[in-house]
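The structure appears below as structure tokens.
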Amino acid sequence: MKVIACYKIVPDEQSLRTSSDGSIDLSTAELVIGQYDLNAVEAGAQLVEKCGGELVALSVGSSEVENSKLRKGILSRGSSSCVVVNNTALSGADSITTSAALANAVGTIGEFDLIICGEGSADLYAQQVGVQLGARLGLPTVNGVINIVPDDGFITVQRSADNEIETLRVELPAVISVSSSISKPRIPGMKDILAAGKKPFTVLGDESITAVSNAATVTESLLAPKQAARACQIFTGDDADTVAAFAAAIGAELK
Amino acid sequence: MKTNKAFVFTSNQNAAGLCYAANALADSSTAAVLGSKQQAEAILPFAEKVIWMGEKAEGAMVESYAGAIADLIISEGASLVLLGNGVRDRCIAAKLAVSLNARVITDATDVAVSEDGICAKRNVFGGAAIATVKSTSALTILVMGSSSYKKILPSSTSELTEVIVKPDNCSIALISSATKEEESVDLAVAKRVVGIGRGLGSANNLSTVQAFTSKLCAELGCTRPIAEEEKLLAKSRYIGVSGATIVPDVYVACGISGQVQHTVGVAGAKLIIAINKDAKAPIMQNCDYGIVGDMNKIIPQLIELL
């Protein structure tokens, strides 16, 4: 089975800095592989480990896709090769632009059985790209997948769809988006990381991208959420006296 | 200002709520309903025009009607499409976006229509930031909750329009479907909520927290890891950016460090009380009352004292 797992390099939300005007500065943020994409990569790795074949990791974006630490990061998690598209036009791309770029990049990989996407990117979390990619490629596509059982020419998946659990038979090739509960991403060992450096890493440039014709969604501002001012009356200790004082203070509020 | 025409479809029950949003944002509204004729008729008061698409075919998934929905959107000449916040509606939105070359804004709030486009706010970076995004596309799809819209009715209503449609040919077969057995709780309406995080430690400590929750006449909520990884509580009890947003009078955060992904969901609480062993945890800067210590020692005492 040939599986393609899509991933996105994103600014780590834990490292975002807020400027004095409340705007978020992305330029200083540390880059990471999107956390939900790691679930997709892990699900793909487990599939090929179970039924043979190969896993190709695929990402589109601008210069961040060539980050050498993250290149090893993705190739040490079960994929045998990695393809990335580096195009400045994809910086800050919305879901429509991203799915178009992925569809073009998939065309360079050749035949495949299954494309797996995470439930959403860790930065924008629109939860759109996987199904859009499937629709662009004209393939069966479904989101919310929580379990995959491979078979001959099809997969049987369980899907968590709002208040229902569905079992679906999906003809291959197909594109699925997996829920984060599908897998626990592995922590690569030193051996995996060393081996990752020797695996094929292909960078595609501008020629693989067809511009999407209609107007994009643009981000006009990016601001830190406003937090209400809180009194912050802090008691320190779990001994009887401290807890009693704390209980008296909150007891008045809870009446 | 308003946009020309809004089109509403949803696979969940809250079509009326989305119609309120459509009436607020557009000059005229059309709602399409896949289901029984009675379900379609029930929507008549809420939209200018209601299209009954017929009953869903036996064994078909609602997502397989994306092609039929796209055709209706074109024939109605809509410039705005509204879908609900759910896995199915998101799937439909993505298919529509590709077939209609439209732009999608998911989890849209504070939607505003201006001359040059449709603006909305949405949480990004796990709630660490709020983005204002603008679509200048001829067709914009919004995937959104509708609870913030007041009951706005259309200026006129009409008879039910029947356009009976068929699902797309699809290489996905529905083998079986079962309603989730997991409990479903609406924390959004709770007056008091006790939330637990990783500081709980062992699952054995849960019963004490439950006793504390009953003592306070509160509902029990949690952080994402407690529901998704530890699976100690139902997903509907998870509070935060992709979970519940709560607005209680009192929120008691127990063993919760207060990462923004969680606190964005409790920002609307009138009073926040924190119990956490780490004095440096972000929750201690984002609470009204805090106590630094072991929650599993403090909570049994509070049950006696309160």
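Every number in this text was worked out from the coordinates using simple rules, so none of it is lab data. Just so it is clear, the structure is predicted and the values come from calculations on it, not from any experiment. Neighbour counts run over all protein chains shown; Cβ positions are idealised from the backbone, glycine included.
Data table
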{"quantity": "Size of charge dipole - chain B - debye, nearest 20, with Cβ of Lys, Arg +1 and Asp, Glu -1, no other charges", "calculated": "620"}
{"quantity": "Where GluC sites (Glu not before Pro) fall in DSSP loop in the stretch A:7-114, at most 12 other Cβ within 10 Å", "calculated": "A:GLU30, A:GLU111"}
{"quantity": "Chain B: most fluctuating residue of B:ASN123, B:ASN85, B:ASN12 per GNM, C-alpha cutoff 10 Å", "calculated": "B:ASN12"}
{"quantity": "Most mobile of A:ASP162, A:ASP123, A:ASP238 in a GNM of chain A (Cα contacts under 10 Å)", "calculated": "A:ASP238"}
{"quantity": "Viscosity 1.002 mPa s, temperature 20 °C, Stokes-Einstein D of the stretch B:16-166 from Kirkwood C-alpha radius, µm²/s", "calculated": "135"}
{"quantity": "Loop trypsin sites (Lys or Arg not before Pro), the stretch B:152-236, which have at most 15 other Cβ atoms in a 10 Å radius of their Cβ (DSSP)", "calculated": "B:LYS180, B:LYS191, B:LYS231"}
{"quantity": "Listed residues B:GLY126, B:SER64, B:SER177: farthest to the positive end of the dipole of chain B (Cβ charges)", "calculated": "B:GLY126"}
{"quantity": "Computed label-point distance, nm, for sites B:GLN285 and B:ASP249 using a 7 Å Cα→Cβ extension", "calculated": "3.1"}
{"quantity": "Per DSSP, loop trypsin sites (Lys or Arg not before Pro) in the stretch A:52-123 with at most 14 further Cβ within 10 Å", "calculated": "none"}
{"quantity": "Sequence of B:LEU206, A:LEU47 once ranked by neighbouring C-beta atoms within 10 Å, starting from the fewest", "calculated": "B:LEU206, A:LEU47"}
{"quantity": "For A:ILE234, A:ILE74, order by how many other beta-carbon atoms lie within 10 Å, fewest first", "calculated": "A:ILE234, A:ILE74"}
{"quantity": "Electrostatic dipole magnitude of the stretch B:79-172 [Cβ: Lys, Arg +1; Asp, Glu -1; Cα centre; debye, to 20]", "calculated": "260"}
{"quantity": "Which of A:CYS82, B:CYS119, A:CYS51, B:CYS217 has the fewest Cβ neighbours within 10 Å, and the rest in rising order", "calculated": "B:CYS217, A:CYS51, B:CYS119, A:CYS82"}
{"quantity": "Percent of C-alpha pairs per 20 Å bin, the protein assembly as shown, short to long", "calculated": "21, 52, 26, 1"}
{"quantity": "Label zone at B:ILE164, where the point sits 7 Å out along the Cα-to-Cβ direction: the stretch B:1-37 residues whose backbone N lies under 20 Å", "calculated": "B:32-37"}
{"quantity": "Whole-Å semi-axes of the ellipsoid equivalent to the stretch B:120-219 (Cα gyration tensor, √5λ, descending)", "calculated": "39, 24, 20"}
{"quantity": "Subset of A:LYS50/A:LYS198; B:LYS56/B:LYS121; B:LYS121/B:LYS166; B:LYS37/B:LYS151; A:LYS8/A:LYS198 violating a 29 Å alpha-carbon distance limit", "calculated": "B:LYS56/B:LYS121; B:LYS121/B:LYS166"}
{"quantity": "Gaussian network model of chain B, springs between alpha carbon atoms under 10 Å - residue of B:SER171, B:SER236, B:SER156 with greatest fluctuation", "calculated": "B:SER171"}
{"quantity": "Estimated inter-spin distance, B:GLU229 and B:LYS2, nm [label 7 Å along Cα→Cβ]", "calculated": "4.8"}
